[in-house]
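Report on the following structure.
The values are calculated or read from the model by the stated rules, or taken from the named source; none is laboratory data. These figures come from a predicted structure and were not determined experimentally. Cβ: placed from backbone, ideal geometry, glycine included. Neighbour counts: every protein chain shown.
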Amino acid sequence: MRATKKLQQFALIVAAAALCPTMAHAEETWPCEVVLCSANPKGPTALKECEEPMRKAWKAWSKGKKIPSCKRKDASGGNGGELSANEGALQEKPAEPDKNCPFTYYATRNQYRYCLYTGVQEQWIDGKLWGRIWYGGPTAQPYIEQLVEDPNNPRPPQAIVSDWPAMKADIEAKAAAAAQAYKAWEAAENDALLAMGKAALAAHQATTYAQELASLEASLPGQIAGAIAYANARDAAESAFQPKLQAAEAAAKKPGATAADIAAYNQAKSEALTLYYLKQGAINQVTNLQTQQAQLPQMHQQAQQLATIAAQAQAVADQKKAFAQARKSEADAADAAAQPLPRYFSTEA
């Protein structure tokens, strides 16, 4: 019943166009004619009047373009609204890779899922989904997905069906290569960061040692001179104390020596021992400083070795950094090659 009613509507449109050409031009009515012809259960081109609008529809689809909405005219020539889905309208929807897209693939190093097309027009006939026209593909050629066989309107062969596996394999192989290239870059980058850390530590050690050596070398002459002067003073103090020690010893050992004489002698021995240790400490300080001065050439060699190690570590870090940068460039190039396929965005009929 619905199909008969739609064909009657179509006949009225055709008749109105014939009787009053100024009211409805072909470019205004043909989308409605396509809708009504598509509703014919015998096939969209079963009626002779449907051949021309359907030919125009297929020509548009072959260019990757979609059919405009059907805008009906009322009796006065005004806008009568669009035909609904139940009246055979073409419903437009976005192409969703995770839902309705028949040709999905992943691309880029992140391997996101994409759809080959941008959108779809669903063909509903008497409340039943008859087929889909996918548009916006990279070659501007639509893909006709026929869900209900129509022997009166066979679909032409579509190259995308045979070409798609190779296209999909190529772009996904590039995406996998890009993902692998970024893993290689990340590993190289981590290796370079580790090498740069080692180089920074080696440079810090070499610089610190060189600064300490320079400071020691500059201060040693003065320290040695001061230590010698102090040692001489300690020696002089010890020598000057010897007569006092000898007198205290004689008083403590003479017949009739008192307890005070013995205590004074013990105190003098303690002071003499202190003076002796002070002198020996000063002498040892001089010896230590002179030993350091004698070791300066060897310390300079050590500083040079540390500087060489730091330079080598920096060279390794620079090399690994350059290697990581090269891997980054390769990864970026691989990702550029793995970008989603270009799509066709024209919506003109």
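Yes or no, residue by residue, for (1) hydrophobic (A, V, I, L, M, F, W, C); (2) within 30 Å of Ala336 (Cα to Cα):
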position: Ala178; (1), (2): yes, yes
position: Leu193; (1), (2): yes, yes
position: Gly197; (1), (2): no, no
position: Ala203; (1), (2): yes, no
position: Leu278; (1), (2): yes, no
position: Gln290; (1), (2): no, no
> Name the pairs whose Cβ atoms lie under 7 Å apart, with the first residue in segment 320-346 and under 12 Å from Tyr182 (Cβ atoms), the second among the β-branched types (Val, Ile, Thr), and 6 or more positions between them or separate chains?
Replying inline: Asp335/Thr108; Ala338/Thr108; Ala338/Ile171
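Would you confirm, using the coordinates I've provided, whether Gln293 is more than 18 Å from the chain's Cα centre (by Cα) and without any contact (Cβ under 8 Å) to a residue 40 or more places away in the chain? Let's see the steps before the verdict.
Numbers: more than 18 Å from the chain's Cα centre (by Cα): yes; without any contact (Cβ under 8 Å) to a residue 40 or more places away in the chain: no.
Spelling it out, it is not the case that Gln293 is more than 18 Å from the chain's Cα centre (by Cα) and without any contact (Cβ under 8 Å) to a residue 40 or more places away in the chain.
Is one or more of the residues making up segment 337-345 surrounded by 13 or more Cβ atoms within 10 Å (Cβ to Cβ) and within 30 Å of Ala195 (Cβ to Cβ)?
So in segment 337-345, the residues surrounded by 13 or more Cβ atoms within 10 Å (Cβ to Cβ) come out as 337-341, 343-344.
Remaining after also requiring within 30 Å of Ala195 (Cβ to Cβ): 337-338.
Yes, segment 337-345 has at least one match.
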>> Restricting to segment 260-275, count the residues that are of a type in the set (Ser, Thr, Tyr) and either touching a helix residue (DSSP H, G or I) at 6+ places or on another chain (Cβ under 6 Å) or surrounded by 17 or more Cβ atoms within 10 Å (Cβ to Cβ) (or both).
In response: 1
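Looking at Ala315, is it more than 30 Å from Glu172 (Cα to Cα), modelled with pLDDT of 95 or more and hydrophobic (A, V, I, L, M, F, W, C)?
Numbers: more than 30 Å from Glu172 (Cα to Cα): yes; modelled with pLDDT of 95 or more: yes; hydrophobic (A, V, I, L, M, F, W, C): yes.
Here the answer is yes, as Ala315 does meet what is asked.
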